[in-house]
Amino acid sequence: MTERDPRFERMSRYEPGRRPYVQVTCPDLGKYHARVIGWIPGEVFIEYPIKILDYVTTGQLEVAWIPTATAIRIRRSDSIWLSNEDDHDWHQTEDERIKYRADPWTVYQQEAR
């Protein structure tokens, strides 16, 4: 039997549909886009697709804990994938506050070729 990760007990969570998008940079996967499910000090728990077939077709999502310093908040409209469950009004309001814009010319490992 696998033990439950103790970080889940103290994790603050975003509401479904209101999970912010981030661009993650890591040595193994390079740059990729994910959504933040929750956080603890110094780490965020994310979900992300390994391969993206099109903008809203991602297949199964992977999850991982990553250091907060490896993620930067991006606008939903700049993400290379979206969730059909997103609260569009909430994301539009939140996106107006984000100054960083993801480079549209970056090629991400998630994109199916």
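The values are calculated or read from the model by the stated rules, or taken from the named source; none is laboratory data. All values derive from a computational prediction rather than experimental measurement. Note: ideal-geometry Cβ built from the backbone for every residue, glycine included; neighbour counts use all protein chains shown. With ligands, DNA and RNA removed, areas are computed over all heavy atoms of the protein, side chains included. Shrake-Rupley method; radii C 1.70, N 1.55, O 1.52, S 1.80 Å.
Out of everything in the stretch 7-43 that is part of a loop (DSSP other than H, G, I, E, B) and more than 20 Å from Gln92 (Cα to Cα), what residue ends up being modelled with the lowest pLDDT? Full working, then the answer.
Pass one, the stretch 7-43, residues part of a loop (DSSP other than H, G, I, E, B): 11, 14-20, 27-29, 41-42.
After this cut, where a residue has to be more than 20 Å from Gln92 (Cα to Cα) as well, the list is 11, 27-29, 41-42.
Numbers: Met11: 93, Pro27: 80, Asp28: 78, Leu29: 74, Pro41: 95, Gly42: 95.
That would be Leu29.
Give the residue, chosen from Ile66, Ile72, that is open to solvent by 50 Å² or more (accessible area, probe 1.4 Å), modelled with pLDDT of 90 or more and closer than 16 Å to Thr25 by Cα. Show your work before the answer.
Numbers: Ile66 fails: open to solvent by 50 Å² or more (accessible area, probe 1.4 Å).
Step by step, each of Ile66, Ile72 is checked, and only Ile72 is open to solvent by 50 Å² or more (accessible area, probe 1.4 Å), modelled with pLDDT of 90 or more and closer than 16 Å to Thr25 by Cα.
Quick check on my filter: what residues within the stretch 81-92 are open to solvent by less than 30 Å² (accessible area, probe 1.4 Å) and of a type outside the set (Phe, Trp, Tyr)? Step through it out loud before you land on a result.
Narrowing the stretch 81-92 to residues open to solvent by less than 30 Å² (accessible area, probe 1.4 Å): 81-83, 86, 91.
The answer is Leu82, Ser83, Asp86, His91.
Applying the selection to the stretch 37-54, what residues are within 19 Å of Asp86 (Cβ to Cβ) and under 14 Å from the mean Cα position of the chain (by Cα)? Full working, then the answer.
Within the stretch 37-54, the first condition is being within 19 Å of Asp86 (Cβ to Cβ), and the residues that meet it are 37-39, 44-49, 52-54.
Result: Ile37, Gly38, Trp39, Val44, Phe45, Ile46, Glu47, Tyr48, Pro49, Ile52.
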- Picking from Arg101, Arg4, Arg97, the residue that is at pLDDT below 95, touching a helix residue (DSSP H, G or I) at 6+ places or on another chain (Cβ under 9 Å) and open to solvent by 50 Å² or more (accessible area, probe 1.4 Å) would be Arg101
- Filtered residue count, the stretch 33-56, keeping only those that are over 21 Å from Arg7 (Cβ atoms) and either in contact (Cβ under 8 Å) with a residue 40 or more places away in the chain or in contact with a strand residue (DSSP E or B) (Cβ under 9 Å, 6 or more places away or on another chain) (or both): 6
